[in-house]
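Enquirer: Sharing a structure with you now.
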Amino acid sequence: MKFHAKSSPPACGPTIYPSAVHDFLRGEAKHLVPYHRGDGQYAALRDGPVGGVDEARLLIEDGEGRVLVLGDGADGWALPRFAAAEDESAGILDVCNVMGSVLIQARQQLGLRLPWLSWLLDLPGSAPDGGGGERRCRVYGHRLSSAALLWMCVGAMANACHFFILDRAAPGTLFLIIGARSLAAAFSVNRKIMYAFFGLILVSFFYSYKSPLGFLGLFATIAATYGNFQMTGQRVRVFHMLSNVSWMVHNILVWTPVAALMEGAFLARVSEASELENARGKKVGAPHSCVLKL
């Protein structure tokens with residue numbers, strides 16, 4: 001069931017229970033049912049599904065840590081809001097999941113085809129007309145994946161093939177790990193994943209070490225790994241530039257000019273991206289939408 005208590009709610013959001021259930025529990029157990037309503041709008045199947053969620057808001061964050069907000073009249077700027085609607089075919093275990101209606105409206109109103117959402121919090125409040133009724137706003141979040149990291153994955157795999165053809169197992173293995181790491185970082189910046197890749201890098205380096213030049217590759221791989229799991233694009237670029245320089249020096253010393261040119265091209269592209277981002281940050285946003293830097 002979707003009842004997982006406050007410490008572990010489901011991704012679609014918690015089930016709304018009757019306030020009578022919350023009130024019946026002893027004081028030390030009331031935290032088990034933190035999401036409830038007393039106006040009869042709780043999870044149930046009557047003539048159709050009733051879930052108790054009236055409105056939804058959407059927190060959309062990009063890889064730079066910026067959040068989409070829209071002009072909201074006299075209220076200034078606000079997260080995109082949508083009317084919450086239950087799936088008419090939902091069974092009792094699927095009531096209170098309004099993700100489907102939010103995804104449809106995000107596509108229709110914002111032109112965004114979002115593959116997933118995750119529940120963040122519920123905001124209880126009063127009816128907007130000033131009456132005594134209850135109202136609940138459910139906030140979902142979505143972090144846009146970074147296309148740049150996916151391209152880094154492709155580039156790393158190409159570099160790995162290049163070094164394996166040259167019978168250089170150490171840098172080839174490191175580039176395989178770089179590709180896997182870039183793919184993982186495109187979807188998560190969880191530090192536990194970063195530390196797992198650190199361990200994998202060190203183990204593979206230990207078993208494939210052949211010469212002191214390998215330490216240049218090791219440093220470059222660790223720098224890029226640390227950069228991939230940063231929250232802001234600027235920090236990602238800084239650590240990747242450091243990695244590109246290290247790999248370029250490594251490739252020149254082992255005399256693989258094609259790989260050295262590739263790293264030089266990556267370095268130039270990352271530097272250009274930094275300049276464009278700095279210039280873009282000076283521009284004023286559109287009148288009815290903007291992004292906020294967290």
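Bear in mind these aren't lab numbers, they're just calculated from the coordinates by the rules spelled out. Keep in mind the model is a prediction, meaning the values are calculated, not measured.
Enquirer: Give me, ordered by chain and number, the residues 5 or more places off Leu120 or on other chains with an amide H under 5 Å from its own placed amide H.
Expert: For Leu120, the qualifying residues are Val139, Tyr140, Gly141.
Enquirer: Just want to confirm a number: the relative contact order over the stretch 135-226, from Cα pairs under 8 angstrom separated by 6+ residues, in percent. Before the final figure, lay out each step's value.
Expert: Values: 80 pairs, mean separation 27.6, N = 92.
With pairs under 8 Å counted, the relative contact order is 30 percent.
Enquirer: Output the relative contact order of the stretch 147-280, whole-number percent, from Cα pairs under 8 angstrom with separation of 6+ residues.
Expert: On the way: 153 pairs, mean separation 26.4, N = 134.
After rounding, I find 20 percent.
Enquirer: I would also like to ask the following. Given an 8 Å cut-off on Cα distances and at least 6 residues of separation, report the relative contact order of the stretch 17-143 as a percent. Could you put the intermediate results ahead of the total?
Expert: Details: 214 pairs, mean separation 32.0, N = 127.
Once normalised by length, the contact order is 25 percent.
Enquirer: Once you wrap a convex hull around the alpha carbon atoms of the stretch 27-86, what is its projected area averaged over all directions, in nm²? Spell out each step's value before the answer.
Expert: Numbers: hull surface 30.1 nm².
Mean projected area of the Cα convex hull: 7.5 nm².
Enquirer: Another one. Quick one, what does Rg over Rh come out to for the stretch 17-143 if you take C-alpha atoms and the Kirkwood Rh? Don't skip to the answer; put the middle values down first.
Expert: Numbers: Rg = 16.0 Å, Rh = 16.0 Å.
For the stretch 17-143, the value is 1.00.
Enquirer: Next question, about the same structure. Translational diffusion coefficient of the stretch 147-280 at 25 °C, 0.890 mPa s, Stokes-Einstein with Kirkwood Rh over Cα pairs, in µm²/s as a whole number. Spell out each step's value before the answer.
Expert: Numbers: Rh = 14.7 Å.
Value of D from the Cα-based Kirkwood radius: 167 µm²/s.
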